[in-house]
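Novice: Let me give you the structure first, and then I'll get to my questions.
The values are calculated or read from the model by the stated rules, or taken from the named source; none is laboratory data. What you see is a predicted model; the values in this text were computed from it and never measured. Reconstructed Cβ throughout: ideal geometry from the backbone, glycine too, with neighbour counts over all protein chains shown. Note: areas computed on protein heavy atoms with side chains; ligands, DNA, RNA excluded. Shrake-Rupley method; radii C 1.70, N 1.55, O 1.52, S 1.80 Å.
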Amino acid sequence: MRIAADRDVCIGSGQCVFHEPAVFDQDAGDGLVRVLLERPDGALAESARAAVRMCPSGALSIVEE
Ligand code: SF4
């Protein structure tokens with residue numbers, strides 16, 4: 001799996017970062033999401049999937065490879 005983030009849709013709410021800071025971060029300048037780890041595995045993958053579901057703007061998605 002790969003995490004895709006659409007920065008044009010992100011509203012910088014930070015839920016993804018709060019839920020899984022090993023995978024997501026917010027840009028220091030514009031506050032929008034940065035994906036630190038595009039292909040997490042194991043427990044991090046499950047945590048990242050949960051963070052994707054929590055995103056209020058729909059900016060995050062999972063690409064199954
Ligand atoms: S939860 Fe969604 S809207 Fe909020 S910072 Fe993360 S990607 Fe952006």
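Novice: Tell me the angle of helix 42-54 to the major Cα principal axis of the chain, expressed in degrees between 0 and 90 and rounded to the nearest ten.
Specialist: Taking Cα atoms only, the helix is inclined about 40 degrees.
Novice: Here's another thing I want to ask about it. Just to confirm, what accessible area per residue do you get for region 2-63 at 1.4 Å probe, in whole Å²?
Specialist: Working: 3480 Å² over 62 residues.
Heavy-atom accessible area per residue stands at 56 Å².
Novice: Sticking with this structure for a sec: If Lys and Arg each add +1 and Asp and Glu each add -1, what is the summed charge of the other residues whose beta carbon sits under 15 Å from the beta carbon of Phe24?
Specialist: -1
Novice: Counting only protein heavy atoms and a 1.4 Å probe, tell me what percentage of the chain's accessible area is made up of carbon and sulfur.
Specialist: On the way: 1920 of 3780 Å².
The C+S portion of the solvent-accessible surface of the chain is 51 percent.
Novice: Okay, next question. Per the helix-only calculation at 222 nm, which mean residue ellipticity applies to the chain, given -39500 (n - 2.57) for every DSSP H run of n ≥ 4 and division by its residues, nearest 500 deg cm²/dmol? Before the final figure, lay out the partial values.
Specialist: Values: 2 runs with 18 residues, N = 65.
So the calculated ellipticity at 222 nm is -8000 deg cm²/dmol.
Novice: Charges only on Cβ, +1 for Lys and Arg, -1 for Asp and Glu: so what's the dipole of the chain about the Cα centre, in debye to the nearest 20?
Specialist: 120 debye
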